[in-house]
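The values are calculated or read from the model by the stated rules, or taken from the named source; none is laboratory data. Everything numeric here is computed off the predicted structure, so don't read it as measured data. Cβ placement follows ideal geometry from the backbone for every residue including glycine, while neighbour counts extend to all protein chains displayed.
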Amino acid sequence: MELAFEDLSEDELQLALADATVFLERVRTLAELDRSAVLVQARNRVEGRAEREDSLRSLETVDLRTQSEIRLEAQSSVRDQLESNPWDERADGLLKLAGSASLPLFGILLGDAVLSPNLIATSTILAVLVYLLGAVVGVGLISVFLIKAAQALKHDVVPVARRLSRNPTGAFYVVFELLHRPFERMRRAWDEL
């Protein structure tokens, strides 16, 4: 199928696809067919073909979702982003604890450096306080790092690994599409700013 479009430039191909899209939408409108019903039937046909033939890699990237499905996905995505995550709240609390423990620690260390170089060495209470505050700061920061690392692993690394193990050629094709024409992608991203 790729050989059929090999001789066309990208602009010519876009123009032909635009004309075909207008034509198909006019046929659908004249036949008074529901757009979402057509998309659902197209999706079922694509899934059936993809199960029978392994060589249809271009069908993996075809987006056949109805407007209501896109709207529901967007709503659930926004709801998920706005919902308070208990682990994010714990990480924020630990970060605040580490920050509030670092202020007196910094004050004691600054006082030791400026006022008396042996202030911590001569005062057992200040030495214990410095160690306790340092432990609170260290444990808090390490805990925040572990929480954020677990979240990144769960939400970023594991889904990519699953996609790669389920469909290695599809994942490779997506990466290839991302790396294909990088300057054009950067220009589009710049224009979107």
### Query
Ala91 is checked against (1) exposed (fewer than 14 other Cβ atoms within 10 Å of the Cβ); (2) at pLDDT 75 or above and fails just one. What number does that condition carry?
(1)
### Query
Here are some residues: Leu132, Leu126. Which one is touching an Asp or Glu at 6+ places or on another chain (Cβ under 9 Å), of a type in the set (A, V, I, L, M), assigned by TED's automatic domain parsing to the domain that holds Glu89 and surrounded by 12 or more Cβ atoms within 10 Å (Cβ to Cβ)?
Leu126
#### Entry: Selected residue [within 37 Å of the chain's Cα centre (by Cα), at pLDDT below 85 and of a type outside the set (Lys, Arg)] from Ser36, Ser116
Ser36
## Note on the structure
Every listed condition ((1) closer than 18 Å to Arg90 by Cβ; (2) in contact with a Ser or Thr (Cβ under 9 Å, 6 or more places away or on another chain); (3) in contact (Cβ under 8 Å) with a residue 40 or more places away in the chain) holds for Val137 save (3)
### Task
Within the stretch 82-115, count every residue that is over 30 Å from Ala152 (Cα atoms) and either in contact with a His (Cβ under 7 Å, 6 or more places away or on another chain) or in a helix (DSSP H, G or I) (or both).
11
### Message
Against the definition (at pLDDT 75 or above, among the charged types (D, E, K, R), outside the structural domain of Tyr173 (by TED's automatic domain parsing) and loosely packed, with under 10 Cβ neighbours inside 10 Å), how does Arg45 come out, yes or no?
### Response
no
